[in-house]
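Engineer: Sending over a structure as structure tokens; questions will come in a sec.
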Amino acid sequence: MEQDQARSAAANLFAQSLGLPDVQTMIELVGHEEFLKFKVGRHAPIYEHALRATFKNLPDSNQFHGLLGLHVETPAGFPDSMEAGVLRGILGRSTRAISGQSATQIFPGQYVPFQNNEETQAIQPATHLIVGRRGVGKSTLILKAKELLDRSPSISVILDMQPYAHRIDKDVRMDIMADLSVLIAKTLISRYPAEGDSRTTLEEFADDLLAGRILPDRASAAFRRAIINVTDRIASDLFVFLDDFHLVESSQQPEVLEAIHGALKGAKGWLKVAGLRSLLRAYDPRTKKGLQSPGDAQVISLDLTLVDPAAAEDHLKRILNNFLRLVGIDKISSAIADLAFHRLVWANAGVPRDFLQMFSRSIEHASRSKRRRVELTDANLVIGEFGQQKMVDLEEDARNEENSLRNALTAIEGHCLDKKKINAFLIRSEATEGYRAVQTLSDLRLLHLLHQTITPHKAGERYEAYMLDYSLFTGFRRRPNITQMLPKDGKQFKAAELRKIPILPRGFLTC
């Protein structure tokens, strides 16, 4: 009985380290000692990490303390293996980044640098607008930047804009500034415990602001004085990250940024604002409030679109390789067939979060079908399933524009899929309601940019080429006989090919 309890305690610790409900074990006699071995499918970094954690946390009184090891039994296929279960757990946690969490990865080697080392740009003492489609890694970039900054004397904070989403009241600016002040105070005292007076100054500012003792027009100046008190005391900079800022009501965005930037400017404070490009209204030319680019803020764009299919595929391959190596898989083809991999890359248009989530779900489908690896059929099933989630995202990110965007998408589907029987279109690059709707739907991953400069008629008339998301015509929403735009050998489309794509009528929103 005592041995069973000791065995169970060790197995629970090992399973918890892996994020699994349980693991299989065996007892092996080595010399005169009984070793407890955990059954795994491969030698992998993830298991070595879990073994070390179990050694560390297992009480000295446990009879297997110091007598632990791994027993490798190679699985018949990947989808049904222990490694697949562990990997799905890692992918689930990695694609649900929450602002404010530590960016430190649980397992060494999991992080993949951004395509153009944007994390290095994000930690520079400058004001930035971090833009990109949903799921491209804006929150991941922010978390990584904070991790890097936390190694320096500077202070960095991340404020998630979700709690202030779509509010139209005038108090939203006050709430954001007060919450930001409290967050800075908490971070300050955790990094510099002796700076209690500066913390008190920040907290008193927040209390006075919410109680109405500071007038709105004087809030920015008062906040600036509290910030200067901090940066002077620590003799370093303050970095403020606002994540998902596009969720703030469009009319409120310039005023909020004007107030926070005004408090940071000249106080050794730097503002980093992340959001969907098409829904981010950083500057109001009428009131001249907000952040004007490039004068007030530099832009960091994370979009890696299908304009360069090879670059998008290479980046996703590096990301997937890093995850697979954690569970001991050195070749992508051992886990997913080439055709399935290419389909997921193309269907997700280079968006890392969507790609990883779909790959994880594809593993589940392959497991049900008892396959040795993920195949094209599994990938196709998942692509259709994720369509509903993208519509939910549309509602969350563009609540005030949801109906108009849904109508625009319906019109595009009708013209391209029902009438022209093709999954792509051209639209003229001009400041129209229809063009703006297309850009927003692209940020929401329901449309994907293929090329930014196409001239189907004559020079001077610039068009952009887009592809409809696969979920709009596959899976549950399958439409037969659709001509699909696919690059040859992963290379960029030739302009001659794209000129043949149907042009979306200028008045398509009212058709």
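Engineer: What FRET efficiency would be calculated for the residue pair E33, A194, taking the C-beta separation as r and a Förster radius of 56 Å, to the nearest 0.05?
Structural biologist: The value I calculate is 0.65.
Engineer: Where Rh is the Kirkwood radius over the Cα pairs of the range 117-300, the temperature 37 °C and the viscosity 0.692 mPa s, what D in µm²/s does Stokes-Einstein return?
Structural biologist: Approximately 201 µm²/s, per Stokes-Einstein.
Engineer: Fully extended, how many nm does the chain gain between S61 and Q3 (0.36 nm per residue separation, minus their Cα-Cα distance)?
Structural biologist: Going from the current span to full extension adds 19.7 nm.
Engineer: Calculate the radius of gyration of the Cα atoms of the range 397-457 to one decimal place, then report Dmax, the largest Cα-Cα distance, as a whole number, both in Å.
Structural biologist: 11.9, 37
Engineer: DSSP loop (so not H, G, I, E, B), at most 12 other Cβ within 10 Å: list which trypsin sites (Lys or Arg not before Pro) in the range 127-189 pass both filters.
Structural biologist: Loop-located and lightly packed - R151, K170.
Engineer: Size of the dipole of the range 117-300 about the Cα centre, Lys and Arg at +1 and Asp and Glu at -1 on the beta carbon, nothing else charged, in debye to 20?
Structural biologist: Here the size comes out at about 480 debye.
Engineer: At a Förster distance of 25 Å, what's the computed FRET efficiency of L486 paired with K317, Cβ-Cβ distance as r, to 0.05?
Structural biologist: After rounding to 0.05, the efficiency reads 0.90.
Engineer: What list do you get for E48, E83, E249, E2 if you sort them by fewest beta carbons within 10 Å?
Structural biologist: Lowest count first: E2, E48, E249, E83.
Engineer: Still on this structure, I have one more. For n ≥ 4 DSSP H runs only, could you compute -39500 (n - 2.57) per run for the chain, divide by its residues and tell me the 222 nm figure to the nearest 500?
Structural biologist: The per-residue figure over the chain is -13500 deg cm²/dmol.
Engineer: Work out from phi, with θ = phi - 60° and the Karplus expression 6.51 cos²θ - 1.76 cosθ + 1.60, the ³J(HN,Hα) of each residue of the range 421-430, listed in order in whole Hz, and give x for Gly and Pro.
Structural biologist: These are the phi-based 3J(HN,Hα) values: 6, 9, 9, 8, 7, 10, 9, 5, 7, 8 Hz.
Engineer: What's the extension gain from R218 to E433 if we count 0.36 nm per residue and subtract their Cα-Cα distance?
Structural biologist: Length gained, R218 through E433: 73.7 nm.
Engineer: Say the cut-off is 30 Å between C-alpha atoms; which of K419/K494; K170/K265; K56/K331; K39/K138; K390/K421 go over it?
Structural biologist: K56/K331; K39/K138
Engineer: If you don't mind, another one. For the chain, what value does the Rg/Rh ratio take when both radii are computed over Cα atoms and Rh is the Kirkwood radius, given to two decimals?
Structural biologist: My calculation puts Rg/Rh at 1.03.
Engineer: Moving on to the next point. Taking 0.36 nm per intervening residue step and subtracting the Cα-Cα distance, what contour gain separates K331 from K265 on full extension?
Structural biologist: The K331-K265 span can extend by a further 18.8 nm.
Engineer: Can you give me the distance in nm between label points at S293 and R477, each placed 7 Å from the Cα along the Cα-to-Cβ direction?
Structural biologist: That separation, rounded to one decimal, is 2.8 nm.
Engineer: Okay, moving on. Give me P(r) over the range 2-72, computed from all C-alpha to C-alpha distances, binned every 5 Å, as integer percentages.
Structural biologist: Bins of 5 Å from zero give 3, 18, 32, 28, 14, 4, 0 percent of pairs.
Engineer: In addition: Can you sort I228, I176 from fewest to most other Cβ atoms within 10 Å of each residue's own Cβ?
Structural biologist: Fewest-to-most Cβ neighbours within 10 Å comes out as I228, I176.
Engineer: Still on this model: Counting other C-beta atoms within 10 Å, which of D80, D232, D243 has the fewest, and how do the rest follow?
Structural biologist: Final ranking by Cβ density, sparse to dense: D232, D80, D243.
Engineer: In sequence order, what are the phi-derived ³J(HN,Hα) couplings for the range 258-272 according to the Karplus relation 6.51 cos²θ - 1.76 cosθ + 1.60 with θ = phi - 60°, rounded to whole Hz, with x for glycine and proline?
Structural biologist: My calculation for the range 258-272 gives 4, 5, 6, 4, x, 6, 8, 5, x, 10, 6, x, 10, 9, 10 Hz in order.
Engineer: At R0 = 60 Å, how high is the FRET efficiency between H71 and A126 if r is their beta carbon distance? Nearest 0.05 is fine.
Structural biologist: Between H71 and A126 the formula returns 0.65.
Engineer: Based on Cβ point charges of +1 for Lys and Arg and -1 for Asp and Glu, what charge dipole magnitude is obtained for the chain about its Cα centre, in debye rounded to the nearest 20?
Structural biologist: 1720
Engineer: Please name which of L316, I176, G328 has its Cα lying farthest along the dipole of the chain towards the positive end, using unit charges on Cβ (Lys, Arg +1; Asp, Glu -1) and the Cα centre as origin.
Structural biologist: L316
Engineer: Using modelled backbone amide H atoms (1.01 Å from N, in-plane), which distant-in-sequence or interchain residues come within less than 5 Å of S429's amide H?
Structural biologist: Here R462, Y463, E464 satisfy the definition.
Engineer: For the range 388-510, what is Rg from Cα atoms divided by 2.2 N^0.38 Å, rounded to two decimals?
Structural biologist: Expressed relative to 2.2 N^0.38 Å, the Cα Rg reads 1.03.
Engineer: What percentages, rounded to whole numbers, describe P(r) for the range 305-383 computed over all alpha carbon pairs with 5 Å bin width beginning at zero?
Structural biologist: 3, 18, 29, 27, 17, 5, 1, 0
Every number here is computed from the coordinates shown, using simple stated rules; none is lab data. Here the structure is a predicted model, which means the values were calculated and not measured. Here Cβ is always computed from backbone atoms with ideal geometry, including for glycine, and neighbour counts include all displayed protein chains.
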